[in-house]
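K.L.:
One structure coming up, written as structure tokens, with questions to follow.
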Amino acid sequence: MDVPYSWLKTYIDFELEPEELAHTLTMLGLEVENIEFLGTGLKKIVTGLITEVSDHPEADNLKVCQVDLGDKTEQIVCGAPNVREGLRVPVAPAGSILPEGQEVQEVKLRGVTSRGMICSRDELGLQEERADGIMELGSGAEPGGSFIDYAGLNEYVFKIDITPNYARCLGLLGIARELQAVLEEGQVKYPEIELTAQERSSYDPLKVKIEDPELCPRYTARLLKNVEIGPSPDWMQKRLRSAGVRPINNIVDITNYVLLEYNQPLHAFDYDKISSGEIIVRRAEEREKLITLDDETRELTTDDLVIADPEGSIALAGVMGGADSEVTADTTNILLESAAFDQVSIRRTSRRLGLSSEAAYRFERGVDIEAVDEASRRASQLMQEYAGAEIHGELVDEYPLPYEQDGIDLDAGRVNQLLGLDLSESRISGILKKLDFEIEEVVSDVLKVKVPSYRNDVQQEADLVEEVARMYGYNNIPVTASPSRQQGKKTEAQKIREQVLDLMLGMGLDEIINISLMGKEIYDKLDIPADSEYRDWVQISNPLNESFSIMRTTLIPNMVQTLSDNTRHQQKELRFFERGRVFRDRGPEKRPREERRLCGGSMDYGRDLWGNDAADFYYLKGVLETLFSRLKLKTPEFKESSRPFLHPGRAADIYYKGTKIGFIGELKAELIDEFDLRERAAVFEISAEIFIEEVQPHSFEFDTLPKFPPVSRDLALVVPRELSASVILDDIDNIGGELLRQVNLFDVYTGEQIAREDKSLAFELLFQAEDRTLTDREVNEIFNKIVDYLKKEYDVEVRK
Amino acid sequence: MKLKEKLKKLKKEIQQAFAGVEDLEELEKLRVKYLGQKGEVQEIFGQIGEVEPEMRPEIGKKTNELQEQAAKLHQKEKKRLEKKEKKQKMKKEKIDVTLPGTKPEMGYAHPLTRGMEEIKEVFLGLGFSIAEGPEIETEYYNFEALNIPENHPARDLQDTLYIDDKHLLRTHTSPVQVRTMENQRPPIRILAPGRVYRSDELDASHSPVFHQIEGLVVAEDISFSDLKGTIRSFVSEIYGEERDIRFRPSYFPFTEPSAEVDVSCIVCEGEGCSLCSRSGWLEVMGAGMVHPNVLEMSGYNPEVFSGFAFGMGWDRIAMLKYGIHDIRVLFENDRRFLHQF
Ligand SMILES: [Zn+2]
């Protein structure tokens, strides 16, 4: 909300400078987000009167003006079409600087001296678009006077963030009341209202009928006749403008003005358009139609409250008036509404129709039901004064559900316990009284507190505790340490997750974090087919835009994008990992599945260990093997597989204890181009839940160190090319038995020395016994058994 | 020449020869010459049979002595020369110690992770445990149980992304408060870090996805001053001892009283600068006493138990701490950025 400093000051006296006031308000809970000085850059602009205009001797389109600036008259050359004698104008004297930074100097324009500049609105920064001519001021602009004073720009405006519990401060009087509670002196100065009413004739009926008091606990109507629609007074326009409200005409401006004073939305109907002067407050009929002020036809439901006359609805209660009963230039008689409506009902209607208004905003936060009549009186007075209105008859005030307050019990002991204070009951009473709370009685330290009608945010003891704290000062409350009898703990799962993080970092991969909302486009880019489970997206029903319309089902797209982005920045040898949740739809109304995943990506990194130009693949595979090994898990199994975005010959599913937990593979060649990767790149994704399920953080068993030396034997085999190395490895391991400690594959060879359809695998076999040094004979026996088995089982040849 | 003299002469010769030797190669030659299989000492052994039998034991003994002495001498010289040779070798091996080192490659944790770990450690030290919850929540946990009924204006404070009528993307980590209270009995001291979602466009200061840390303490006799103590400890650890702290009234539906916590600006120390919008203060978190309605809905008697809660945006903390002005940088994963942490 925009609060003009000088306007606020008319309701309460204070000595505070704008900065100090901002601080005071902020510490009251009315956070001042910034202070704007409306006349920024305009302090040197003065108002002048053009006393003489003559033609420029050298230029047809320029005029030479004599401008009365009070203490002196200056000659200024001006080219505006509307320049003329007797015009009052804003003048930037020589030596001043315009808001846009333009310096005004004494210059000669085609030989004629010009000492200053007559300004247009845009030159003063008062409008964006270029103006047609110089700004014309009213008769109030005295020669030599300050322009910002004249234009109401000598004003500081506070942008205040009003939270829902401060609804009362959506009116300036509400803010003044808050200040009154903390300032030493200064009483709220409520507007003095005097009305002169005349009898209402029987030809001017005025009746109010509330059919649903729950939705409208109070409704007042007043008849104002013979109004003259015209501009509102200058001072009012200035104040409205400084509060960010555009002046329209006296009637509209007055209702807006009172709204900003009292936080009470008012509505002016054209009385003559209301059938038999009868207001009926009722629920709309199902599918009832109403054309609102914005000329939209609204279809209503029985949840909506309308203001109607006997012939039909004339306004959407508390939200927006109807077009048919609108005040126009021809209006002479006005029915002024001031009412209170149910907060929830207003909010529902406004939300359902997507129709927000100042009135709805305030009604859904609550207005002061007891001040409904006061606001009406204030507006009537202003209309009487500034719109020539005649007040006919008394206020018609239907108030079926009067404000009632049982009072809230406030236990002084509870206040002190909750705040960590030691305040006496009388101190607490004193604090609350400053805020207009009444203390009805005190029974053994329990205060019975009556809440003023404008404090609908105070509903229970805790709310009063906050008021005490706020007035006592949050910063005056002592600082204590609540002793913890517990030890801060991480769960096992959290510890394991941290261990995974540390291992991944230790292996040299960089951690990335991506936004888990994404667009569908990248799934197409990755060639993920329409029926893929990757497309079992959780869809956002109200996405802001297409690029954040679904929840990710896999971490791969972001990983590929990250590799791509970094490639664009000429980064090389990339290795990344991401830990994050993925989401899967499980059908309508079912809670989607959330799963933690670990994803890795590598590009242009790793040694070409096996001479097959798949360094990134084997690097990531190695990362996973090390990760599992360091977490004391079994080595996962890798089985050839395929994925739409992976290289058909370089992809594997990953299994752990027989369960598929993820995959690894090189990106297919098309994607290298599609994502501008320039190099081969590999990725993996596995479920991170497996770590939580399988890691045994407390198993510390270790194998005793061998006492006897190992015996090493190399075995080189020529095998068919398509035979997986792991098959042979497993067999060697099985046949080798207990005494075969370790088998390492250390070379894979294809080339000239062997047949084209074959490859050579070289293993190192380590034999070792726990209780003795093995003899050659023993070792040879096992070794030969292995060789015999492999020869028999596969078409292998032992190389010597 | 008699063998005895020969022996004497040889002894002298050996002593001189070894004393004058200056490199290992020459020394080896001498070893072969005197102590080798066909060396001069062996030669004498071979000639012992030629002397008179009664002389034999004496000469034999002396030859043995000579052999031992020579071997010792050889060992001594060998050690000396080896030492000398190593010295010379090292002299030649001088390197430029200013050349760059071979760096072990370690990965870089994302700054959000680093910041989070730091914050977690602070709170673990204060006796908090870490709690977690789902990112896809129900209306009940995200709003109703937190005293934000349907059609309450407080719902406007957060623009919510919905999945269907029942499910939404949590707008804050506060649902974890409720879930924890439902599953545990007091005393409760938890810290709930996590990812949250809002219907915000991605720009320099907003992101539809960001991270929060929520704290909750519930026990008997917990007070606002305890809340201040906890936050004081946290701010000292994360922003430094010298920071001033300011509490000001604010509004959160699930706390009453509610406060916004400011710390003195880390750039201007309170003088006012662009980072703090010239106020001298930086807003770092929201906090307050748990609203009795929230306690009640979670099955706690608010007459017996009280508590406090606080919450902060951890992306914002990281941005302040590292001087990052654009939140998008955190999610772009540019390695040149990641490698600065
Ligand atoms: Zn600052």
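K.L.:
I need two numbers for the stretch A:366-429: Rg to one decimal and Dmax as a whole number, Cα atoms only, in Å.
P.N.:
Rg and Dmax of the stretch A:366-429, Cα atoms, are 21.2, 59 Å.
K.L.:
Oh, and also: Kirkwood Rh over alpha-carbon pairs of the stretch A:54-147, then Stokes-Einstein at 25 °C and 0.890 mPa s: what D in µm² s⁻¹, rounded to an integer? Walk me through the numbers before you get to the answer.
P.N.:
Details: Rh = 13.6 Å.
Answer from the Stokes-Einstein relation: 180 µm²/s.
K.L.:
Residue by residue through the stretch A:374-389, what is 3J(HN,Hα) from phi via Karplus (6.51 cos²θ - 1.76 cosθ + 1.60, θ = phi - 60°)? Round to whole Hz and write x for glycine and proline.
P.N.:
4, 5, 5, 4, 4, 5, 4, 4, 5, 5, 4, 7, 10, 9, x, 6
K.L.:
Nearest-5 percent of antiparallel DSSP beta bridges in chain B? Don't skip to the answer; put the middle values down first.
P.N.:
Details: 41 of 43 bridges.
Percent antiparallel among DSSP bridges in chain B is about 95.
K.L.:
Moving on. Just checking the output field for A:725-732: average partner chain Cβ neighbours within 10 Å of each residue's Cβ? Don't skip to the answer; put the middle values down first.
P.N.:
Details: counts 0, 0, 0, 0, 0, 0, 0, 0.
Per residue, the number of nearby Cβ atoms from other chains is 0 on average.
K.L.:
Build a GNM of chain B with springs between Cα atoms under 10 Å: which of B:177, B:212, B:42 gets the top mean-square fluctuation?
P.N.:
Maximum fluctuation in the GNM of chain B, among the listed residues, is at B:42.
K.L.:
Taking 2.2 N^0.38 Å as the expected size of a compact globular protein, what ratio does the Cα radius of gyration of the stretch A:467-586 give against it, to two decimals?
P.N.:
Working: Rg = 22.1 Å, N = 120, 2.2 N^0.38 = 13.6 Å.
It is 1.63.
K.L.:
While we're here: Could you give the alpha-carbon Rg of the protein assembly as shown over 2.2 N^0.38 Å, rounded to two decimals?
P.N.:
Values: Rg = 44.5 Å, N = 1141, 2.2 N^0.38 = 31.9 Å.
With N residues counted in the protein assembly as shown, Rg over 2.2 N^0.38 Å equals 1.39.
K.L.:
List every residue whose amide H lies under 5 Å from the amide H of residue A:77, counting only residues 5 or more places away in sequence or on a different chain, with H placed 1.01 Å from N in the peptide plane.
P.N.:
Close amide H contacts, sequence-distant or interchain: A:65, A:115.
K.L.:
Still on this structure, please answer the following. Rounded if a/c is under 1.5, else prolate if a/b is larger than b/c, else oblate: which is the stretch A:635-771, with a ≥ b ≥ c the root eigenvalues of its Cα gyration tensor?
P.N.:
Numbers: a/c = 2.67, a/b = 1.26, b/c = 2.11.
Cα axes put the stretch A:635-771 in the oblate bin.
K.L.:
Looking only at the protein assembly as shown, where both bridge partners belong to it, what percent of the DSSP beta bridges are antiparallel (to the nearest 5)? Let's see the in-between values first.
P.N.:
Numbers: 176 of 186 bridges.
Beta bridges within the protein assembly as shown, antiparallel portion: roughly 95 percent.
K.L.:
Then there's this: Quick one: B:96, A:324, A:2, fewest Cβ neighbours within 10 Å first, how do they rank? Present the calculation step by step, with values, prior to reporting the outcome.
P.N.:
Working: B:96 5, A:324 18, A:2 14.
Arranged by neighbour count, lowest to highest, B:96, A:324, A:2 become B:96, A:2, A:324.
K.L.:
A follow-up question, please. Mind listing the phi-derived Karplus ³J(HN,Hα) values for the stretch A:20-32, rounded to whole Hz, using 6.51, -1.76 and 1.60 with θ = phi - 60°, and x for any glycine or proline?
P.N.:
Values, residue by residue: 5, 4, 4, 5, 4, 5, 4, 6, 7, x, 9, 5, 8 Hz.
K.L.:
Using alpha carbons only, how many degrees (0 to 90, rounded to 10) separate the axis of helix A:776-793 from the longest principal axis of chain A?
P.N.:
Compared with the principal axis, the helix lies near 70 degrees.
K.L.:
While we're here: I need the shape label for the stretch A:272-391. Rule: rounded when a/c is under 1.5, else prolate if a/b > b/c, else oblate, with a, b, c from the alpha carbon gyration tensor. If you can, show how the numbers build up before the last one.
P.N.:
Values: a/c = 1.89, a/b = 1.31, b/c = 1.44.
Cα axes put the stretch A:272-391 in the oblate bin.
K.L.:
For the stretch A:25-168, what relative contact order do you get, as a whole percent, if you take Cα pairs closer than 8 Å and at least 6 residues apart?
P.N.:
On the way: 312 pairs, mean separation 47.4, N = 144.
It comes to 33 percent, rounded to a whole number.
K.L.:
Toward the positive end of the charge dipole of the protein assembly as shown, about the Cα centre and with charges on Cβ (Lys, Arg +1; Asp, Glu -1), which of B:298, A:726, A:143 goes farthest?
P.N.:
A:726
K.L.:
For the stretch B:2-92, report the translational diffusion coefficient in µm²/s to the nearest whole number, using Stokes-Einstein at 10 °C, 1.306 mPa s, and a Kirkwood Rh over Cα pairs.
P.N.:
Numbers: Rh = 14.1 Å.
Rounded to a whole number, D works out at 113 µm²/s.
K.L.:
Roughly how crowded by other chains is peptide B:290-296, in terms of the mean Cβ count from those chains within 10 Å of each of its Cβ atoms?
P.N.:
On the way: counts 1, 3, 6, 3, 0, 1, 0.
Mean inter-chain Cβ contacts per residue within 10 Å come to 2.
K.L.:
Based on the alpha-carbon gyration tensor of the stretch A:555-697 and its eigenvalue square roots a ≥ b ≥ c, which shape applies: rounded if a/c is under 1.5, prolate if not and a/b is larger than b/c, or oblate?
P.N.:
Details: a/c = 1.77, a/b = 1.26, b/c = 1.41.
Since a/c reaches 1.5 but b/c is at least a/b, the shape of the stretch A:555-697 is classed as oblate.
K.L.:
Right, something else. Take the residue pairs A:621/A:707; B:33/B:84; A:189/A:238; B:33/B:83; A:632/A:792 and return only those whose Cα atoms are more than 25 Å apart. Mind dumping the intermediate values first?
P.N.:
Numbers: A:621/A:707 33 Å; B:33/B:84 23 Å; A:189/A:238 21 Å; B:33/B:83 23 Å; A:632/A:792 35 Å.
From A:621/A:707; B:33/B:84; A:189/A:238; B:33/B:83; A:632/A:792, over 25 Å: A:621/A:707; A:632/A:792.
K.L.:
I would also like to ask the following. Give the angle, between 0 and 90 degrees and rounded to the nearest 10, that separates the Cα long axis of helix A:343-352 from the longest principal axis of the Cα atoms of chain A.
P.N.:
Between helix and principal axis, roughly 70 degrees.
K.L.:
Then there's this: In peptide B:158-169, how many Cβ atoms from other protein chains are near each Cβ within 10 Å, on average? Walk me through the numbers on the way to the answer.
P.N.:
Details: counts 0, 2, 1, 9, 5, 11, 9, 3, 4, 6, 3, 6.
For peptide B:158-169, the averaged partner shielding equals 5.
K.L.:
Taking other Cβ within 10 Å of each residue's Cβ, how do A:597, A:282 sort, fewest first?
P.N.:
Numbers: A:597 21, A:282 18.
The order, fewest Cβ neighbours first, is A:282, A:597.
K.L.:
Explain nothing, just compute: Karplus ³J(HN,Hα) = 6.51 cos²θ - 1.76 cosθ + 1.60, θ = phi - 60°, for every residue of the stretch A:323-334 in order, whole Hz, x for Gly and Pro.
P.N.:
5, 5, 9, 5, 6, 10, 4, 8, 5, 10, 10, 10
K.L.:
With a cap of 16 neighbouring Cβ atoms within 10 Å, and only residues DSSP puts in a loop, list the chymotrypsin sites (Phe, Trp or Tyr not before Pro) found in the stretch A:689-728.
P.N.:
Numbers: sites: A:691, A:700, A:702; in loops: A:700, A:702.
Listed in order of number, the matching sites are A:700, A:702.
K.L.:
While we're on this one: Report the rotationally averaged projected area of chain B based on its alpha-carbon convex hull, in square nanometres.
P.N.:
Details: hull surface 135.6 nm².
Reported value for the Cα convex hull: 33.9 nm².
K.L.:
Only sites in a loop by DSSP and with at most 16 other Cβ atoms within 10 Å count here; which GluC sites (Glu not before Pro) in the stretch A:1-101 make the cut?
P.N.:
Working: sites: A:15, A:19, A:20, A:31, A:33, A:36, A:52, A:58, A:74, A:85, A:100; in loops: A:15, A:58, A:85, A:100.
Those satisfying the criteria are A:15, A:58, A:85, A:100.
None of the figures in this text is laboratory data; all of them are computed from the coordinates on show. All values reported here derive from a predicted model rather than from experimental measurement. Neighbour counts run over all protein chains shown; Cβ positions are idealised from the backbone, glycine included.
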